[in-house]
1. Identify all residues within the range 277-309 that are of a type outside the set (S, T, N, Q), in a loop (DSSP other than H, G, I, E, B) and surrounded by fewer than 17 Cβ atoms within 10 Å (Cβ to Cβ); write none if there are none.
2. Cβ-Cβ distance below 6 Å, separation of 6 or more or different chains: which pairs start in the range 434-457 with a residue that is farther than 25 Å from Ser176 by Cα and end on one that is surrounded by fewer than 23 Cβ atoms within 10 Å (Cβ to Cβ)?
3. So which residues in the range 336-358 are of a type in the set (Gly, Ala, Ser) and under 16 Å from Leu382 (Cβ atoms), if there are any at all?
4. Kindly provide the set of residues from the range 189-214 that are more than 24 Å from Ser103 (Cβ to Cβ) and touching a Ser or Thr at 6+ places or on another chain (Cβ under 7 Å), ordered by number.
5. Of all residues being surrounded by 22 or more Cβ atoms within 10 Å (Cβ to Cβ) and more than 30 Å from Gly42 (Cβ to Cβ) in the range 437-479, which is modelled with the lowest pLDDT? Just the residue, please.
6. Assuming Ser103 fulfils every condition listed in (1) surrounded by fewer than 19 Cβ atoms within 10 Å (Cβ to Cβ); (2) under 30 Å from Leu418 (Cβ atoms); (3) within 29 Å of the chain's Cα centre (by Cα) apart from one, which condition is it?
Amino acid sequence: MLPDPHAFAVLALIVVALVLFTRESIPLETSSLAVLVLLVVGFEAFPYRPVGGEPFHAVDFFKGFGHEALIAVCALMVVGQGLVRTGALAPVGRSLAQVWSVSPALSLLFTLTVGAVLSAFVNNVPIVVLLLPILIGIALRSGQPSSGILMPMGMATLVGGMSTTIGTSTNLLVVSVAADMGVDRFGMFDFVGPAAIAGGLAIVYLWLVAPRLLPVRNTRLGDTSPRIFTGHLNIEEGSFGDGRTLAEVIEKTGGRIRAVEIYRSSGLVMMPLPDASLRAGDRLGVRDTPENLKEFEAVLGARLYTGDDLVDESHPLTDSDQQIAEIVVTQGSPLEGRTLSRMRFAEVYQLATLALHRAGPHIRTLRNNVGDVRLNVGDVLLVQGGRARIHELKREGEFLVLDATVDLPKTRHAKVALLIMAAVIVVAALGWMPIAASATCGILLMVLTQCLRWRDVAAALSTPVIMIVVASLALGTALLHTGGASYLAGLILTLGEDTSPSVLIAVLMAVMAPRP
């Protein structure tokens, strides 16, 4: 029997939702909210009253915000963030780095296996955050294509997440919805056997085959071409700057010169105020690329020095304390969705931004007006600063810093965070508490023991994940209540009545598999 108009409308909306979810130009959270709003408005404008059943209210679509599955997903994201913030997995990272120096081939297998096993219990994001700096450094030092290491590692963490009920948000959602429909609740390790068989084959494939199929991409890491140096422009007698104000000097260079300080021969250090008058013998402290500094030297008729040495072929620009590093904009990072100029990045973190690498159909490198670009997850900032400042930035754990080293953040709370995570898993595995309850208790313990601050808790929550879970639950609820789910199930069974269950399951898996 054909479904009623409400069911047809829901099926059509599902098709629209699937199209919206694949559009990179539309944020996932926007698409999810649009689907939720269309459901609510549609069922409010055209109320649904099933024959012989209770009226269905549009506000029931909002129940997804309080669903057990969503609470479990969010709680595990926060607890996983505690492992990242405290560096609790740092010993694993250091061990992997040591193994890579012995046998790269076997080390890749070991890394894939460790990543998969850890992802069975911890959200794959902290695992990737742990392994990414190590593998980037290994690729840079060994000269191996980074794509042949990083892509298999990322896929291995997804494979490992399939083996337990808490490994992925999808598993949590399916198990919880099945329980709502009367199916016996899955235990944490009920399907670890078949998942381990499939995962083992996948790991071997990612180890031996995948790296050879992936195209070699030239990494942008280690790109130091726009490096910034500190120099002094000595104002020569009779040059343009002699007797002029700093504002006039800035105008002469097209507004591009940025003076840090003004050094007077008497030992006086002056602030670079626009109306400061310059005279012969003064030195302007400036920071810029070598090309720009030499251009300023020519335009102003000044002499460029580094320390007490005149910059020439015998004495090139040097800055021994400076270090190049890359900062990845990750989910929950203070950089996400903000511009560098609005957050005063240079002043707050004492780092100069040299370039921005942004992925897409073609990798783009932006070097101009980077401060005004709104940053997205996955963007990579090429920055320069003092070695001590970059080391401190890594130690704080607020940013994902890639600088080809294995110095990972570690705090005195690391062991506590690891024990809390273990307790969350054990309590749920033994059936003493649902994972949503044990993980929520874990959040409280993380905060009370100062493994996490409340701003870390907020940063750990992913709006796209929350919204797509809520929208998916709402669409599922609409399908069930309107009879659309029964219609689809009957259609599939009718089409596959002469096929074996194995073939039918294989077809369903192919239909539900993610599409590029």
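The values are calculated or read from the model by the stated rules, or taken from the named source; none is laboratory data. Only a predicted model underlies this, so the values are computations on that prediction, with no experimental measurement involved. Here the Cβ positions follow ideal geometry from the backbone for every residue, glycine too, while neighbour counts run over all protein chains shown.
1. Scanning the range 277-309 gives Arg279, Ala280, Gly281, Gly301, Gly307, Asp308.
2. Thr449/Val416; Cys451/His413; Cys451/Val416
3. Within the range 336-358, Ala346, Ala352, Ala355 meet the criteria.
4. Within the range 189-214, Phe189, Val192, Ala195, Ala196 meet the criteria.
5. Checked the range 437-479; the qualifying residue modelled with the lowest pLDDT is Ala460.
6. Evaluating Ser103 over (1) surrounded by fewer than 19 Cβ atoms within 10 Å (Cβ to Cβ); (2) under 30 Å from Leu418 (Cβ atoms); (3) within 29 Å of the chain's Cα centre (by Cα) leaves (3) as the failure.
Each row is one residue, and each column tells you yes or no for (1) touching a Leu at 6+ places or on another chain (Cβ under 9 Å); (2) among the basic types (Lys, Arg); (3) modelled with pLDDT of 80 or more.
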site	(1), (2), (3)
Leu2	no, no, no
His6	no, no, yes
Leu11	yes, no, yes
Glu29	no, no, yes
Val51	no, no, no
His57	no, no, yes
Ala75	no, no, yes
Gly80	no, no, yes
